[in-house]
1. For the list (1) closer than 17 Å to residue 45 by Cα; (2) touching a Ser or Thr at 6+ places or on another chain (Cβ under 6 Å), I need the number of the one condition that residue 117 fails.
2. Can you tell me which residue among 73, 152 is open to solvent by less than 20 Å² (accessible area, probe 1.4 Å), in contact with a Lys or Arg (Cβ under 8 Å, 6 or more places away or on another chain), at pLDDT 95 or above and not hydrophobic (A, V, I, L, M, F, W, C)?
3. Quick test for you: out of 62, 103, pick the one residue that is in contact with an Asp or Glu (Cβ under 7 Å, 6 or more places away or on another chain), over 24 Å from residue 147 (Cβ atoms), at pLDDT 95 or above and among the basic types (Lys, Arg).
4. Here are the criteria: (1) touching a Phe, Trp or Tyr at 6+ places or on another chain (Cβ under 8 Å); (2) open to solvent by 20 Å² or more (accessible area, probe 1.4 Å); (3) under 24 Å from residue 127 (Cα atoms). Tell me which single one residue 145 does not satisfy.
5. Spot the failing condition for residue 32; the list is (1) under 17 Å from the mean Cα position of the chain (by Cα); (2) within 18 Å of residue 108 (Cα to Cα), and only one is missed.
6. Of everything in the range 152-185, what is under 16 Å from the mean Cα position of the chain (by Cα) and assigned to a loop (DSSP other than H, G, I, E, B)? Give them in sequence order.
7. For the range 183-198, give me each residue that is closer than 17 Å to residue 143 by Cα and surrounded by fewer than 17 Cβ atoms within 10 Å (Cβ to Cβ).
Amino acid sequence: MDKSEIKFTSALHDYILSVSLREPDVLRRLREETDRDPNAIMQIPPEQGQLMAFLIRVLGAKKAIEIGTYTGYSTLCVALALPQDGVVVACDINDGWAEIGRKYWNEAGVADRIDFRLGPALDTMDELLASGQRETFDFAFIDADKSNYIRYYEATLSLLRPGGIIAIDNVLLFGSVVDPTVLDADLRSRISNDDISVLRELNEKIGKDPRVDLSMLPVADGLTLVRKR
């Protein structure tokens, strides 16, 4: 049996969580509240949040940026892993979703580490670059509208210091980057052919990009880790 043939069953997934997941209660409750939202499919799973927190600690990161906040679960994962003087710039266009997260950010005692920016992320990143913050960020997370993924990648790469890491979510789009017919009706209403094309283009672009090192992981909906050289 080849290792590539191992089936990642729900039982195997449950086993991994049972022996490795360390999800603080405040994160669990935010995740469970978000699960009741009609758009909950946009939330990252807890094991992915734990991986991101792990990366923050390994990097010794103090400055992070998040493109796409939703209800703030990933934001809280990052903020909890940052030192007291750390900050995560959280970008989103929907303040209503962020409002769900704020009460948990406050409860966790890390609201002062979260700089929420309401508005298009590209505008926020342009402002950061214009204010002299090029190559000052340690970590970036991209999880927003797929149509802008390539532009998000380029902008975050400009903000990232050498040795910093970008985590890019949804790089497999539920497998549609290989076979679009795998999408059910609900996913088809959320993922367009253009989205699939953009992700294919981005994946190929990163794979050949001499500016970075990378690893594409089959975590959740596909997670690519990029290290700026």
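The values are calculated or read from the model by the stated rules, or taken from the named source; none is laboratory data. What you are looking at is a predicted structure, and each value in this text was computed from that prediction instead of being measured. Neighbour counts run over all protein chains shown; Cβ positions are idealised from the backbone, glycine included. Note: accessible area is taken over every heavy atom of the protein model, side chains too, but ligands, DNA and RNA are not part of it. Shrake-Rupley method; radii C 1.70, N 1.55, O 1.52, S 1.80 Å.
1. With (1) closer than 17 Å to residue 45 by Cα; (2) touching a Ser or Thr at 6+ places or on another chain (Cβ under 6 Å) applied to residue 117, the lone miss is (1).
2. Sole residue among the options that is open to solvent by less than 20 Å² (accessible area, probe 1.4 Å), in contact with a Lys or Arg (Cβ under 8 Å, 6 or more places away or on another chain), at pLDDT 95 or above and not hydrophobic (A, V, I, L, M, F, W, C): 73.
3. 62
4. Looking at each condition in turn, residue 145 falls short on (1).
5. (1)
6. Passing the criteria: 170, 171, 172.
7. Residues satisfying the conditions are 187, 190, 192, 194, 197.
Okay, residues lined up against (1) more than 26 Å from residue 163 (Cβ to Cβ); (2) among the basic types (Lys, Arg); (3) surrounded by fewer than 16 Cβ atoms within 10 Å (Cβ to Cβ):
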| position | (1), (2), (3) |
| --- | --- |
| 19 | yes, no, yes |
| 27 | yes, no, no |
| 39 | yes, no, yes |
| 51 | no, no, no |
| 58 | no, no, yes |
| 87 | no, no, no |
